[in-house]
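The values are calculated or read from the model by the stated rules, or taken from the named source; none is laboratory data. On a predicted model such as this, the values are computed, not experimentally measured, just so you know. Ideal geometry is used to build each Cβ from the backbone, glycine not excepted, and the neighbour counts take in all protein chains shown. To get the accessible areas, we keep the full protein, side chains included, count just its heavy atoms, and leave off ligands, DNA and RNA. Shrake-Rupley method; radii C 1.70, N 1.55, O 1.52, S 1.80 Å.
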Amino acid sequence: VKFLSMTPTPPSEQSLMQASKHLMEVEALKVVHSGGEQREWLYRLTPLGYHLSRLPMDAKVGKMLIVGCVLGCLDNALTIAAALSCTKSCFLPTGSAPNRQLEQTYTEARDSLIENGFGGKGWPGGTVKGDLIAVIAAYRAWSKEKKSQKFCTNHALNSTSLREMDRLRKQFHDLIIDAGLVSNSGVNDSADMDDCNIASDDALLTSCCIVGGLYPNICTLIRPKRGSGPRGGRLLTNESDSACRPSSNSFQRRRLQQVSETGSDAYAVFYSKHRSMGIVSAGQTRPPETFLSEVNFVSKFALLLFGGEPELVKNAIVLDKWLKFKVSSDDESVKQNATLILSLRSLLDEVILEHVVETFSPPEEKSKMVERHKRIIGVVRRILADEG
């Protein structure tokens, strides 16, 4: 930071500090010397950071692609990365249809497509509720319909955004190959790409990919208390004392309004957060509100295995000193469960590091590594399925 501040046109010190924090959050940067003021700290790129530096995109999006390669759901990660890099959503806003009746018809068709598509109700690869999962469902349906403009119109989809996503997916795919994260060595190229997409229909592993990329953008769901007035839930982030709401185009907005006192959803990840200005209308002032974009509900095990730094505190595992997950009420069970979870987490960290570091290993050695990784990820998949 001190070195960059001495360049001819240096960024502001606050911008440099925020950039350093952002890169440390995705484990792309680590502190090697922390003496004195923070501006004098020394940082070093991690192996993950080295590969992220070769991907010209937001570090979180780049990490999501790398985790997608590791978990075997690269195709879905490419779709998500493209959607997050687009200027506009692939879902048309309210008021886009010629009249209200047509708009209702198109919107219902889109909602049905999402409900019954990838990650929807009864999906073989698991059910996941999320805006980015909905994007995958929409993109897959559009591709299956040969990228038809009529299909977009009848399902309230933005054809321009979908075409832009299609272009970005191909661009990101080439960047992943150029960075060496997927082999492009001729004979073994097809097999390596198959390994990166072996779980392309798995919504549960795809949700882990989203956690791996978007953490620490986490919020907790606060359910209404029994008999406490209007139904509906609230989302709270670590840095916010007041309730947050999904953005107006989020599919989770209605779901949050219908939340009851009990249920399985407890945690969600989001892409970005913005605060509205207070509005004065009819003599009344509405206070500023905080909105979250691309909200995706996720499993507690997805957070434990792909989230922040875990620490065992009494009978709970705590992530980054604020997300608390109770392991068990029995002392002996606490030790056993915590040991299993933390051991699996350690193995997954090694899997991601090995995938990055051993990119250019000999084919035979890499093949053994891939098989070992598949066994570890298979354990993760069973844990996620059992929780559901």
Sorted by chain and number, the residues with a modelled amide H under 5 Å from that of residue 29, at a separation of 5 or more or across chains, are 24, 46
Pop out the carbon and sulfur fraction of the accessible area of region 286-388 as a percent, whole number, probe 1.4 Å. 54
Gaussian network model of the chain, Cα within-10 Å springs - most flexible of 47, 287, 93: 287
Mind giving me the nanometre distance, one decimal, between the label points for residue 374 and residue 321, set 7 Å out from Cα along Cα→Cβ? 4.2
Which shape class, rounded, prolate or oblate, goes with region 64-195 when its Cα gyration tensor gives a ≥ b ≥ c as root eigenvalues, a/c under 1.5 marks rounded, and past that a/b bigger than b/c marks prolate? prolate
So how far apart, in nm, are the two label points at residue 87 and residue 336 if each is 7 Å from Cα heading toward Cβ? 5.8
Could you work out the helix-only [θ] at 222 nm for the chain, with each DSSP H run of four or more residues adding -39,500 (n - 2.57) and the total divided by the number of residues, to the nearest 500 deg cm²/dmol? -15500 deg cm²/dmol
Taking the mean number of other Cβ atoms within 10 Å as a proxy for protection, how do you rank 132-145, 149-162 from highest to lowest? 132-145, 149-162
Taking 0.36 nm per residue of sequence separation and subtracting the Cα-Cα distance, how much length would be gained by fully extending the chain between residue 328 and residue 7, in nm to one decimal? 110.2 nm
Which residues qualify? For residue 267, with a placed amide H closer than 5 Å and at least 5 residues away or on another chain, they are 221, 298
With a sphere of radius 14 Å drawn around the Cβ of residue 129, what net charge do the other residues whose Cβ falls strictly inside it have (Lys, Arg +1; Asp, Glu -1)? -1
Given the Cα-Cα distance of residue 314 and residue 109 and 0.36 nm per residue of separation, how much length would full extension add, in nm? 68.9 nm
Classify the chain as rounded, prolate or oblate, taking a ≥ b ≥ c as the square roots of the eigenvalues of its Cα gyration tensor: rounded when a/c is under 1.5, otherwise prolate if a/b is larger than b/c and oblate if not. rounded
If amide H atoms are modeled at 1.01 Å from N in the peptide plane, then the residues at a separation of 5 or more from residue 245, or on another chain, having amide H under 5 Å from its own are 290, 291, 292
What's the extension gain from residue 42 to residue 285 if we count 0.36 nm per residue and subtract their Cα-Cα distance? 82.8 nm
